[in-house]
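Notes follow once the structure below has been shown.
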Amino acid sequence: MSEANPARDHPSTDPKDTRVSRASSTEKQPPSRETELARYGEFVDRVRTLCRESPGAQSALRAGLGKPVTEVPARVHAALLRPGLIREDPTGRGYADKERAYYAVAALIADRPRAQRLFEDAAHADAAEPGVRGDQVGEERDKPGTTLPLPGTSLGESIALAVRRRSPDELKSGAAESRLHLLVRQDLDGAHRMLPGVFRWLGSSSVIPDYACLLYDLSRWRYGRDPVATRWLQSFYRSLRRLETAAERNPTVSPT
């Protein structure tokens with residue numbers, strides 16, 4: 001009979017081993033959605049500032065609209081990478097999709113017409129608080145004059161708000177609803193092709209989309225389209241219902 005192996009039969013209870021194990025487990029955890037949205041929000045703010053201060057950079061970023069990273073002009077890379085707007089992180093699954101999402105969102109921000117840029121800049125300048133607590137979300141979004149999207153606002157909710165701001169005939173026609181249904185069925189390339197038209201339509205409705213949330217969703221589209229699409233559709237219909245209920249309670253107030 002072989003002798004018992006103390007090391008095998010009695011695992012080490014050394015606190016150092018526990019700390020090492022916990023540290024390894026922590027290092028493997030991906031960043032939370034809130035952490036990533038905050039980082040993407042910083043990127044959006046920097047791109048918005050760059051477009052405001054440098055018409056040349058804005059023109060360069062606009063040249064990448066709807067294009068894969070491998071097909072954008074050289075000046076697009078220069079506008080994004082020389083100021084360090086995109087951090088180099090070539091590891092992990094889906095990095096190429098995340099990189100493309102950065103380029104796409106920067107192009108969408110740069111593509112805004114002048115009136116829309118002024119509207120968005122004024123809204124950000126007037127914002128007294130950077131965010132709203134989760135328990136205030138429902139109340140805050142129903143307030144007249146609330147123009148900035150709350151962190152994590154999906155594209156579906158932005159489309160719902162645009163629908164309510166436009167004519168009743170367009171609401172009845174379901175054109176925006178059909179566009180959303182078509183969008184969520186697209187593969188990654190198709191989604192990138194459709195987004196510029198969707199965002200021009202949002203801008204014409206004076207709706208400020210959550211670019212950071214779009215960046216988050218686009219970077220996951222290839223491997224997680226279904227959860228993203230479900231969230232967009234759910235937020236679209238829930239937001240329409242909430243906005244309609246608010247309008248019924250106070251018919252003299254136009255949708256915000």
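The values are calculated or read from the model by the stated rules, or taken from the named source; none is laboratory data. Model, not experiment: these values are computed from the prediction. As a convention, Cβ positions derive from the backbone with ideal geometry for all residues, glycine included, and neighbour counts pool all protein chains shown. When the accessible area is computed, the model is the full protein with side chains, heavy atoms only, and any ligands, DNA or RNA have been set aside. Shrake-Rupley method; radii C 1.70, N 1.55, O 1.52, S 1.80 Å.
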### Matching residues in the stretch 204-250 - criterion: being touching a Pro at 6+ places or on another chain (Cβ under 7 Å) and among the acidic types (Asp, Glu)
Asp210
## Note on the structure
Restricted to the stretch 204-228 and to residues being surrounded by 21 or more Cβ atoms within 10 Å (Cβ to Cβ) and small (Gly, Ala, Ser), the residue nearest to Gly156 (Cα to Cα) is Ala212
### Summary
Leu180 vs (1) closer than 21 Å to Arg62 by Cα; (2) open to solvent by less than 20 Å² (accessible area, probe 1.4 Å): all pass except (1)
### Lone unmet requirement of (1) at pLDDT 95 or above; (2) open to solvent by less than 20 Å² (accessible area, probe 1.4 Å); (3) of a type in the set (S, T, N, Q) for Ser239
(1)
### Query
For the stretch 71-117, what are the residues that are of a type in the set (Val, Ile, Thr) and modelled with pLDDT under 95?
Ile86, Thr91
### Summary
Conditions (1) closer than 24 Å to Ala246 by Cβ; (2) at pLDDT 95 or above; (3) of a type in the set (Lys, Arg) -> Arg185 fails only (1)
#### Entry: Enumeration of residues in the stretch 71-85 that are surrounded by fewer than 16 Cβ atoms within 10 Å (Cβ to Cβ) and under 22 Å from the mean Cα position of the chain (by Cα)
His77, Leu81, Pro83, Gly84
